Amino acid sequence: MKNMKFQILLYLSFISVVNFAQQIEVSSKIDTNLITIGDQFTLTLSLKKSVNQDVSFPMLLDTVSKEIEIVEEKPVDTLSISDNIISLQKKYTLTSFDSGMYVLPQFNFTINNTDTDTVSTQETILLQVLTLQVDTTQQKIADIKQPFEAPMTFMEFLDEYYMYILGALILIALIILGLWYRKKLKNTEPKQKQKAEKPKEPAHIIALRDLEQLKEEKLWQNNRVKEYYVELTNILRKYLYNRFDIYAMEMTSDEIVTEIKQLSEVNEELKNKTRQFLTIADFVKFAKANPLPNDHDTSMKTVYTFVEETKQIPVETKNQPKQMITETENNTETK
């Protein structure tokens, strides 16, 4: 008897749930199934229910699916109320920026604000998104027109970029201060220190001896190209100081070229060759360049020629036993 009562109650509960669900009608539709990329279309969700039933529309955020975005969500609109039945409608403005064929998902309406009790739409909605076709035979493709910007006033410019302007002024001041300090340091202590350590041997004797030693070491032949050019440029730098009092050890290659241009003892052809040698040396030391073997030999010959053509040699005169003159002067007197 008890089992019979329980079955009756269970049956009545099932019948009530079915009747409750049947009283709720939901549907979905779109106003067009074919759009071009970026076009907008309207999705309409409809709900018909009893006035006393608590049914909520789906909670859609930014997208309906991965490819379809929500542009605008409109409030729920009541269409009619009759015989205790209410019809509601909610519209969404959608768009898509990916071409292809897509199926809109089912939309779940919640009952009594629970996720377990839902009613879903059953329509299969297809959407085709086409790419924009451009007829290049009728109209040439042009660049995108840039947005028009209103001119900025001086005060607006200062207000917008004053931090950058201040930073740039500070940076310029630091650069000027650094250059001034470097020039001052170059003109005082280093030259005095170098003069105190200046060797007693003639400059060309030291340079030619160092060149012969470097040649015997065969650095570039053993793939020590960078070390070869470091030693070769140092020989030239030391010779420039010992011979012409040019403090070349602390100078850049460009500064050395500038100093050499002012030397009357060096002809134009040799000046150009020396500049080319220093350029190759910088590429090897700082850009890891690998010149050809002929360039290595040419660089050595350039430094050797520079020393030979600008060296000082002792000569005897009536008033002074020995006097140092340059090789250029000696050649002139011989002629």
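Readers should treat all values here as calculations from the given coordinates under stated rules, not as data from a laboratory. What you see is a predicted model; the values in this text were computed from it and never measured. Note: ideal-geometry Cβ built from the backbone for every residue, glycine included; neighbour counts use all protein chains shown.
Classify segment 198-267 from the C-alpha gyration tensor, please: rounded if a/c falls under 1.5, else prolate or oblate depending on whether a/b exceeds b/c.
Oblate, because a/c is 1.5 or more while a/b does not exceed b/c.
At q = 0.17, 0.21 Å⁻¹, work out log10 I(q)/I(0) for segment 25-130 with the Debye formula, treating every Cα as an identical point scatterer and leaving solvent out; two decimals please. Values returned for q = 0.17, 0.21 Å⁻¹ are -0.79, -1.11. Under the convention that each Lys and Arg Cβ holds +1 and each Asp and Glu Cβ holds -1, the size of the dipole of segment 25-130 around its Cα centre is about 200 debye.
Rounded to the nearest Hz, the phi-derived 3J(HN,Hα) couplings of segment 222-228 under the Karplus curve 6.51 cos²θ - 1.76 cosθ + 1.60 (θ = phi - 60°) are 9, 6, 10, 5, 4, 4, 4, where x marks glycine and proline. Taking label points 7 Å from Cα along the Cα-to-Cβ direction, F286 and E269 give a separation of 3.0 nm. The simple spin-label model puts a point 7 Å past each Cα toward its Cβ; for L130 and K186 those points are separated by 7.1 nm. Per the Kirkwood formula applied to alpha carbons, segment 244-316 shows a radius of gyration over Rh ratio, Rg over Rh, of 1.01.
The length gained on full extension between V257 and I24, counted as 0.36 nm times the residue separation minus their Cα-Cα distance, comes to 74.6 nm. Ranking of F107, F154, F57 by neighbouring Cβ atoms within 10 Å, starting from the fewest: F154, F57, F107.
Once both labels are positioned 7 Å from their Cα atoms along Cα-to-Cβ, the gap between T305 and L171 label points is 4.3 nm. One chain, two ends: T298 and K218. Fully extended at 0.36 nm per residue, the span grows by 27.3 nm beyond their Cα-Cα distance.
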